[in-house]
Structure formats: C-alpha cells, structure tokens
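No lab work stands behind these numbers, since they all come straight from the coordinates. Computed from a predicted model, the values in this text were never measured in an experiment. Counting neighbours? That spans all protein chains shown, and the Cβs are built from the backbone with ideal geometry, glycine included.
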Amino acid sequence: MGKYLVAVPVRWSDQDINGHVNNAKIVTLVEEARIQWLNKDAAVEGLVSFDTPKVVVSLHVEFQRPLSADCDVEVSISVKRIGRTSFTLCYSGMQADRNRFTAETTLVVLDRSDGQPRPLTDPERSYLLRHIADDAAVPRIVESV
C-alpha cells in the first residue's frame, strides 16, 4: 500500500509575522495528519487499539520552503521502523506541487491503565507494515524500544 496521504487544512492563524506558516505550527500540522491516520482512519478499518495514548519520543523537522495559509498541505506518512513498543514515521508536506517540509517522529505506545510502554499488537504491526516506506525494501523491525 505504501504512503498514507491526507490533506490537512492550514489556518490563517497558523501564519506568523512574516506571512508564512510558523515552524512550530508545522509540527502541529504533522500531528493532525498522524492523528487522522492512526486514531481515525485506522478505527474506520476496525483497528481501534491505536486510539490509545502515544508519546512522541523523537522529532526531527527540515523546512525546505515556506508554507502558506492559502491552501491545504498534503502530508504523506510512511513507516520507517517498527520496534517492540515503538515505531518511526516519516512525513513529507507538499503544497502547490512543491516540497515544503519533511519530518520524522518516533512514537511509543502506552498502556492506558498504567501509562507504561506496551508492546505493539499483531494487528497494529500489520497496519504499520502496510505503510512501510517505499525505499525500505525490507522493513526494519527491531525488538528494542
């Protein structure tokens, strides 16, 4: 299946004094894309377990071009790495047919009852594997965090 694509609305209030979307707001747009994919669209497919707490333990963003508030940003998400309790996602933001940013996050899934990391379930792993990065011929599955 490969990358997941979602159009994320850019709000006028996301702009800063320079007239483009503030870099901190881009992190919010990435989060909104991820929530749509893991919490909403996964549930529509019957996978409701991803609607549990997840914490971002690593975040890296590279800004290529300014993002405007004139139209939505199309965010693609793919899976780079699957661990025992964590997974790493790659993002790319496009607007007006131009790359605007790339990002990478590592998330740890938490047990709702005690807030501690919990192992990914087999259905969660299967869902993530369907969205493995195109350039990853063999998904990197590790047993550590």
**OP:** Just grab the label-to-label distance for Thr52 and Asn99, each label 7 Å out from Cα along the Cβ direction, in nm (one decimal).
**Re:** 3.6
**OP:** Find how much the distance from Gln64 to Lys40 grows on full extension, using 0.36 nm per residue of separation minus their present alpha carbon separation; answer in nm with one decimal.
**Re:** 5.8 nm
Original post:
Taking 0.36 nm per residue of separation and subtracting the Cα-Cα distance, what length does fully extending Ile17 through Glu31 add?
Top reply: 2.8 nm
Original post:
In the chain, how many lysine pairs have Cα atoms under 18 Å apart, counting only pairs 8 or more places apart or on different chains?
Top reply: 4
